[in-house]
Structure formats: C-alpha cells, structure tokens
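I have placed the structure first, in the form of structure tokens, so that the comments after it can refer back to it.
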Ligand code: UDP
C-alpha cells in the first residue's frame, strides 16, 4: 500500500486531493484537527485526528502508516484574519509546519508537497508573476507561508528533504461529481460567498473595494479549478518519487478576472442576479495576482482542463445545491 499523508485532508482542497490521490492508486491518510474541515469530507482513506502542534501524535501517525510522501494543506488561509491576528497565523502555520517537517525528517519521509501561495509575492505592480519573482508578502498569511518555504529549503540542505512547493493563486469550483466541495464556516471566499448571496443564505455580497487601479476598480485574481490544482499535486508526488528534486511551481492560468467579472459570469451560469453592495477595501488585499504556468506545464506536464470561470462557478453551484451542509 502506498500511503500519502495528507494534512488538512478534511478541508476544501485537501479533500479533493484525497479523491484524486485515490484515483491515482495512492492511499490518502488524512491528518486533521477538524478545526476548519469536516469529518464527513474524509471519504477516500483513513482519518487520523490530531493537531500538528502535537509532535508525539504526528510521530505516531508516521510510524503507523509509513507514508512515501506528505501533502501539507493544513493551515489558516484568510488574508483578512491574518492581519487581525498574526500570532495565530505564525503559531498554527509556521510552528505547526515546522513540527510536521521535523517529524517527517525523523521518520525518514523525505518527499514533501507543500501548499504555498501567491500571497508570498506581495504587491508587484500587476506583473505576470513567475517563480523567480521576488517575494515580499504584504500580509501575515503570505509571510507565514514564505517562512515555511524557507524551512523546507533548509531541511533540503540539512537532511535531503525534497519538496515540491506549489504557489496557488485563487482556487474555485468543486468535484464535478459533487462528492466533495467547498464549505468554510464562516465563508469568506468570493465564489461561495456569491453563491450564498444568490441562494439567500446571506443578504448580499460585499465587494471589497471598488477604487483599485484596475479597469473596473475591483481586484483581479487568477482562478484555478480545484481538481486541476490537486492533479498538479499528484504530479508533484510522482516528481518526488522519480527523484527529480526540490522545485517551486506557480499554479495559475495566466488569465485574471476582476470581482465584477466573476459576478457577471456567475449571473450567466446560475441565471440569477447576485445581490451585492460596494464596500471599502479589505486590509491585506493585493490589487492584482496573476501567474503564468509555463514551468508547471513544461516540467510537470500539468494540463489544467477545468479552469474556466463557467466550469468553476457551475461545479461550485452544483455542489452548493446538494445542500450538503444545510443541515
Ligand atoms: N472579495 C470580495 N467580497 C467577498 C470576498 C472576496 O470582494 O465577500 C474579493 C477579495 O477582496 C479579492 C477577491 O474577491 O479581491 C478574491 O478574494 P478571496 O477571499 O476569494 O481570495 P484571496 O484572493 O483573498 O485568496
């Protein structure tokens, strides 16, 4: 049995990763403290409950499953929250990851796939970002993820721990078969918030800032379908198992959409009006984050197939209508 330890496997991206890992012939072992994830999202392999700050518990799980690789998703991921409570982000994200990385090294599990973020780049005057751009995060979330990238580089030097680091842009959509999907409590991400507003689960979507230096005044982001994103992670595991060494990949599409454009697309997909209001800027937001994906396409052989706004909003809407978490 080829086990892969998936931290955060009960969360949005982690649960989709488990599905795709299983389809690729691996056994995904979820390690999750169920703080922001959901036990019933763990459908494709065993669940080991635990906290990454608990080294003894993490050691136990390595000993029990002897994974060939780690996929590390477990983290707090809200920019706004990270600006209000940076300590929470440094403790959970950085200290938790360090504990996990030390445990992996001690267990001899030297293949590590890490979910990082374009928020590590910070504000770059709207350039098309690539992996060689300098990293100047402007929020605690991005800073915490950049610190973990540095830890991984040091552990490669010291112990030969090889890592594939994926810097995500914006992730959207859901499993097209609607076995798993996105559900955060509270929800802050644009697409699900918008769908909640359409469905009357909240009064309106607030657009966070309409005076940015973009064609329509709202922020621009690069959206990738969650299934395309996690397919890249499976390629990352295979890359490491093939002995190809540490590498950083951006996962973007090269196309950016403003908040207003996302609203327009969703109107077209759902045939319903999006109730929205215009609000002030959200602290920590960058104006524009868009990436090419040349390296992932050329070197990993990544082929994003579902990353159109129509597909992402359509799959998210289908998942939303299952009413899975309406109980
Ligand atoms: N956004 C918004 N209203 C919301 C949620 C998000 O206007 O209720 C904007 C947000 O300011 C950003 C974009 O939508 O410009 C994407 O935000 P999200 O929180 O989905 O992801 P992030 O870019 O922070 O990772």
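I need the Debye-formula profile for region 111-186: one equal scatterer per C-alpha, no solvent, reported as log10 I(q)/I(0) at q = 0.16, 0.17, 0.28 1/Å, two decimals.
For the requested q values the scattering log ratios are -0.73, -0.80, -1.25.
When the scattering of region 274-327 is computed by the Debye formula from its Cα atoms alone, each counted once and equally, what is log10 I(q)/I(0) at q = 0.14, 0.17, 0.30, 0.31 Å⁻¹?
-0.76, -0.96, -1.09, -1.11
Could I get the Rg over Rh figure for the chain? Both from C-alpha atoms, Rh via Kirkwood, rounded to two places.
Dividing the radius of gyration by the Kirkwood radius yields 0.95.
With the crude spin-label approximation of a point 7 Å out along Cα→Cβ, what separation in nm comes out for residue 24 versus residue 187?
Rounded to a tenth, the inter-label distance reads 2.8 nm.
Multiplying the sequence separation of residue 35 and residue 105 by 0.36 nm and subtracting their Cα-Cα distance, what value in nm do you get?
22.7 nm
Which angle between 0 and 90 degrees, to the nearest 10, do you get for helix 226-241 versus the longest principal axis of the chain when only C-alpha atoms count?
The angle comes out at about 20 degrees.
Would you mind telling me the antiparallel percentage of the DSSP bridges in the chain, rounded to 5?
5
If you split all Cα-Cα distances of region 119-273 into 10 Å bins from zero, what percentages do you get per bin, shortest first?
9, 31, 35, 19, 6, 0
Averaged over every viewing direction, what's the projected area of the C-alpha convex hull for region 1-140? Give it in nm², one decimal, please.
Value for region 1-140: 9.1 nm².
Using only Cα atoms, what Kirkwood radius does region 83-155 have, in angstroms?
13.2
Order by neighbour count: 15, 258, 82, fewest other Cβ atoms within 10 Å first, most last.
Listing 15, 258, 82 from fewest to most nearby Cβ atoms yields 258, 82, 15.
Among 88-96, 264-272, how do they line up by average Cβ neighbours within 10 Å per residue, starting with the highest?
Highest to lowest by the protection proxy: 88-96, 264-272.
Label residue 325 and residue 63 with points 7 Å out from Cα along Cα→Cβ: what is the distance between them in nm?
3.5
Hey, can you rank 148-158, 62-72 by average C-beta count inside 10 Å, highest first?
My ranking of the peptides, most packed first, is 62-72, 148-158.
Coordinate-derived values only; no laboratory data. Computed from a predicted model, the values in this text were never measured in an experiment. With ideal geometry, Cβ positions are generated from the backbone for all residues, glycine too; neighbour counts draw on all protein chains shown.
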